[in-house]
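Peer 1: Below is one structure. I have some questions about it.
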Amino acid sequence: MNGKVVLVTGGGRGIGAETARILAARGAAVVINYVSNSEAANSLVHELTKQGSQALAVQADVRDEAQVKHLVNATVKAFGHIDALVSNAAMSFVRKPFLEMNWFEFSQKLNDELKAAFVLSQAVLPHMIQNHYGRIVYVSTELANHPQVPFIAHGTAKAGLSTFGRYIAKEFGPHGITANVVSPGLVDTERTRFQPEEFKKRMANMTPLGRIATPEDIARVIAFYTSDDSQFVTGFNVSVDGGLSI
């Protein structure tokens, strides 16, 4: 990844932070996007630069076109170009059984998830087309493929994201750009701390590899899809769940 520039949205914590660490260790310059937790993002930048890597934190709500334009411009201004996008920023969603949910609660997640992917992709693709090179990774979820109650809004929105990624792959492949989707199963992060330990143990017992994922497990797969090792793979949706979906 020497000389490559990667923008990681939602990069201050969890999967995004581990992705930034791995890419930086492999030689990439990383731009860590965050929306509110500047302390986490700047702390990670300090950690990476102390190790000799190039890193920059940029605040932006990835659902906002003007803020995303600023984010991409700041990336290009700092490092000269942009080679890869990891679309990882988490969008909040309502957890309710379907009959207890109203349309606004359902559509909010659909709109946020797909608008973020839409706005980010429109902002980075012209730069990638100009360079005839690009790697885009959209982070989805196995809940898009294997429904669980009460995650209907989350799973449906992520299923839309997976299809969106395939369309981007189809249209922009001729420009040397790949687009792939990484779909984690249950990952031990801050966002899953609400899950009871008994549930996590049960999921680990059901998983062929005998545990739930760490953020690093997911980040390593994302790193593969941002590298030239995946140069002839596009439009693919890979499950990263320790074999649970077998």
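The numbers here are math on the coordinates, done by the rules we state, and not lab data. All values derive from a computational prediction rather than experimental measurement. Methodologically, a virtual Cβ is constructed for each residue, glycine included, from the backbone with ideal geometry; neighbour enumeration extends over all protein chains shown.
Peer 1: So how far, in whole Å, is the C-alpha centre of the stretch 93-148 from the one of the stretch 176-246?
Peer 2: A separation of 17 Å, based on Cα centres.
Peer 1: Please work out the FRET efficiency for the pair S43 and H175, using the Cβ-Cβ distance as r and a Förster radius of 35 Å; give the result to the nearest 0.05.
Peer 2: E between S43 and H175, to the nearest 0.05, is 0.45.
Peer 1: So which GluC sites (Glu not before Pro) in the stretch 137-241 pass both tests, a DSSP loop state and at most 11 other Cβ atoms within 10 Å of the Cβ?
Peer 2: The qualifying sites: there are none.
Peer 1: Right, here's the next one. I'd like the Karplus ³J(HN,Hα) series for the stretch 173-190: coefficients 6.51, -1.76, 1.60, θ = phi - 60°, whole numbers in Hz, and an x wherever there's a Gly or Pro.
Peer 2: x, x, 9, x, 10, 10, 9, 9, 10, 10, 10, x, x, 5, 10, 7, 9, 4
Peer 1: Another one. Hey, what number do you get for the chain at 222 nm if only DSSP H runs of n ≥ 4 count, each worth -39500 (n - 2.57), divided across all residues, to the nearest 500?
Peer 2: Taking each H run of at least 4 residues, the total per residue is -15000 deg cm²/dmol.
Peer 1: Under a straight-distance cross-link criterion of Cα-Cα below 19 Å, which aspartates and glutamates are reachable from K170, leaving out those fewer than 8 residues away in the same chain?
Peer 2: Within reach: D83, D228.
Peer 1: Turning to a different aspect of this structure: In what order do K96, K77, K158 fall by count of nearby beta-carbon atoms within 10 Å, going from fewest to most?
Peer 2: In increasing order of surrounding Cβ atoms, one gets K77, K96, K158.
Peer 1: Exactly which trypsin sites (Lys or Arg not before Pro) in the stretch 187-232 are in a DSSP loop and have at most 16 other Cβ atoms within 10 Å?
Peer 2: R193, R211
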